[in-house]
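The values are calculated or read from the model by the stated rules, or taken from the named source; none is laboratory data. From a predicted model like this one, the values you see are computed outputs, not experimental measurements. A quick note on method: Cβ atoms are made from the backbone with ideal geometry, for glycine too, and the neighbour counts reach across all protein chains shown. Just the protein is used for accessible areas: all its heavy atoms, side chains included, with ligands, DNA and RNA removed. Shrake-Rupley method; radii C 1.70, N 1.55, O 1.52, S 1.80 Å.
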Amino acid sequence: MMMYRDDFKILDQKVYGRPLVYLDNAATTQKPQVVIDALRSYYEQLNSNIHRGVHYLSQKATDEFEMARETVRRFINAKNSYEIIFTRGATDSINLVAASLGRTCLQAGDEIIVSEMEHHANIVPWQFLCEERGCILKVIPINEEGILQIDKLPELISSRTRLLAITHVSNTLGTINPIKKIIEIAHNQNVPVLIDGAQAVAHCKVDVQDLDCDFYCFSAHKMYAPMGIGVMYGKEEWLNKMRPYQGGGEMIKQVTFAKTTYNELPFKFEAGTPSVGDAMGLKVAIDYLENIGMEKIATYESELLNYAVERLTTIPGIRIYGNAPQKSAIVSFNIGKIHPSDIGTIIDKLGIAVRTGHHCTQPIMDHFGIPGTVRASFALYNTKKEIDDLYEAVDRARMMLE
Ligand code: 7TS
């Protein structure tokens with residue numbers, strides 16, 4: 001994969017006089033030059049508001065925006081491009097579903113199931129509904145290996161369960177959940193399923209029709225595309241049922257002070273001016289990923305993960321959190337009683353960028369009784385040499401802090 005590394009100029013720099021080793025890819029990935037060029041050429045040649053103008057630029061920008069939607073549809077194999085709703089990101093997508101489904105379908109006493117390994121973005125929007133509407137949140141527990149205890153799922157589902165909202169891949173533990181099986185269990189009880197795909201789409205092939213999920217949410221910036229745009233895929237039947245999330249321009253058919261009617265899909269859920277240039281960037285990022293091949297990326301990242309685990313486990317006192325057999329290239333760890341942020345601060349000075357803290361998954365931290373972890377997360381441009389650098393820096397920090 002070394003040939004792709006040249007596409008990411010940002011990686012070719014020194015921090016504190018040392019080569020940058022960027023291992024915070026679960027937070028955001030870097031952008032290949034083609035994506036940066038796409039943004040630049042959008043603003044240099046095409047910038048215009050879409051769907052409203054009769055003029056050349058507006059029509060061309062509209063065509064390109066809709067082409068980006070079609071590219072996303074193909075990428076996740078949705079049935080129809082109008083089932084792809086552009087949002088600001090995974091957080092926005094989940095909030096959209098919570099607010100909209102909540103207003104349309106949920107009542108006091110209705111239940112929503114999440115898991116213990118969710119990012120706060122897939123917990124708090126549901127808690128809003130619990131507060132506002134008197135809904136009840138239920139939680140699928142994890143075990144000591146950081147694996148979901150899905151045998152507990154059937155007993156959590158009741159006649160009042162209205163939604164199961166669960167992550168595809170844990171941003172802290174790396175666990176890849178068996179979502180196809182989980183969706184099947186939920187659907188057997190007529191429970192729709194929302195998948196938080198923020199950590200999955202850039203690392204494995206996703207096929208929403210094969211999964212049969214009802215909603216699939218993700219951010220572009222974690223898949224080599226610009227910040228500020230994301231996707232909420234929803235099955236047509238749900239999107240038709242749901243009330244719009246935000247009101248404003250574009251999402252209406254007709255407005256009078258007496259009554260407003262809503263636009264058709266997908267525009268019903270896209271009030272206001274969308275992030276048109278970022279959609280161009282997302283399209284190019286998807287082309288870039290597909291050109292390399294999702295399977296090739298998954299295989300390579302899995303090699304990186306195995307190598308990282310092999311090297312890091314030789315450090316005395318290390319504990320890795322999340323040892324699922326199906327795991328994405330994310331390694332969370334602590335060493336003895338050393339505070340994770342102390343390790344992060346020291347290795348930062350050695351050029352290594354990792355994340356420390358609770359990673360917006362405080363329930364996982366509570367489960368393990370820890371304040372946080374050090375998390376290294378890998379992407380297609382990382383190398384084994386960088387893992388060696390990580391190993392050496394972490395071991396040096398350990399010797400300084402022990
Ligand atoms: N869901 C998961 C599983 C995530 O990992 C994240 C972001 C989100 C939702 C929210 O995505 P956003 O783009 O809307 O912010 N995760 C992380 C992380 O692990 N470190 O920084 C952001």
Exposure of Arg74 as accessible area (Å², to 10), given a probe of 1.4 Å and all protein chains: 110 Å²
Translational diffusion coefficient (Stokes-Einstein; Kirkwood radius from C-alpha pairs) of region 70-152 at 20 °C, 1.002 mPa s, in µm²/s: 147 µm²/s
Thr383 versus His187: modelled label distance in nm, points set 7 Å from Cα along the beta carbon direction: 4.4 nm
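Please report the orientation-averaged projected area of the chain, defined via the convex hull of its C-alpha atoms, in nm².
Values: hull surface 82.1 nm².
Mean projected area of the Cα convex hull: 20.5 nm².
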Those aspartates and glutamates that a straight Cα-Cα span of less than 16 Å connects to Lys181, excepting residues fewer than 8 apart in one chain: Asp151, Glu155, Asp196, Asp207, Asp210, Asp212, Asp214
For region 121-142 versus region 225-249, the gap between their alpha-carbon centres in whole angstrom: 20 Å
Within region 66-80: backbone nitrogen closer than 11 Å to the Gln45 label point (7 Å, Cα to C-beta): none
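Roughly how big is the chain's charge dipole about its Cα centre, with Cβ charges of +1 (Lys, Arg) and -1 (Asp, Glu), in debye to the nearest 20? The partial results should precede the final answer.
Numbers: 42 positive and 49 negative charges, 107 e Å.
It comes to approximately 520 debye.
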Ile338 accessible area, 1.4 Å probe, all protein chains in place, Å² to nearest 10: 20 Å²
Using alpha-carbon coordinates, inclination of helix 90-105 to the longest axis of the chain, degrees: 40 degrees
Value of [θ]222 nm, deg cm²/dmol, for the chain, DSSP H segments ≥ 4, -39500 (n - 2.57) each, nearest 500: -11500 deg cm²/dmol
When region 46-117 is reduced to its Cα atoms, the Kirkwood hydrodynamic radius in Å: 15.1 Å
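Rounded to the nearest 0.05, what FRET efficiency do Gln13 and Met294 give with R0 = 35 Å and r taken as the Cβ-Cβ distance? Could you check? Could the numbers behind the result be given before it?
Working: r = 28 Å, r/R0 = 0.81.
So, using R0 = 35 Å, E works out to roughly 0.80.
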Neighbour cut-off at most 15 other Cβ (10 Å), DSSP loop, trypsin sites (Lys or Arg not before Pro), region 277-385: Lys337
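Just reorder Leu194, Leu265 by solvent-accessible area, largest first, 1.4 Å probe, all chains present.
Details: Leu194 0, Leu265 20 Å².
Largest accessible area first, the residues go Leu265, Leu194.
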Separation of alpha-carbon centers, region 88-114 and region 162-221, rounded to whole Å: 15 Å
Cα lying deepest toward the dipole's positive end in region 120-208, options Ser158, Trp126, Ile195, charges on Cβ: Ser158
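Calculate the translational D of region 269-402 in whole µm² s⁻¹ from Stokes-Einstein, where the hydrodynamic radius comes from the Kirkwood formula applied to all Cα pairs, the temperature is 4 °C and the viscosity 1.567 mPa s. Kindly include the intermediate steps, with their values, before the conclusion.
On the way: Rh = 16.7 Å.
In µm²/s, the coefficient rounds to 78.
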Region 3-67: trypsin sites (Lys or Arg not before Pro) in DSSP coil with no more than 16 other Cβ atoms inside 10 Å: Arg52
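Taking a 1.4 Å probe, which of Trp238, Trp126 shows the most accessible area, and what order do the others take after it? Kindly include the intermediate steps, with their values, before the conclusion.
On the way: Trp238 35, Trp126 0 Å².
Order by accessible area, largest first: Trp238, Trp126.
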Members of Lys60/Lys253; Lys205/Lys337; Lys9/Lys79; Lys152/Lys337; Lys138/Lys259 lying beyond 27 Å, as alpha-carbon distances in this model show: Lys205/Lys337; Lys9/Lys79; Lys152/Lys337; Lys138/Lys259
Pairwise label distance in nanometres, Arg103 with Ile252, each label 7 Å out on the Cα-Cβ vector: 1.4 nm
Region 305-359 versus region 1-48: alpha-carbon centroid distance in Å: 24 Å
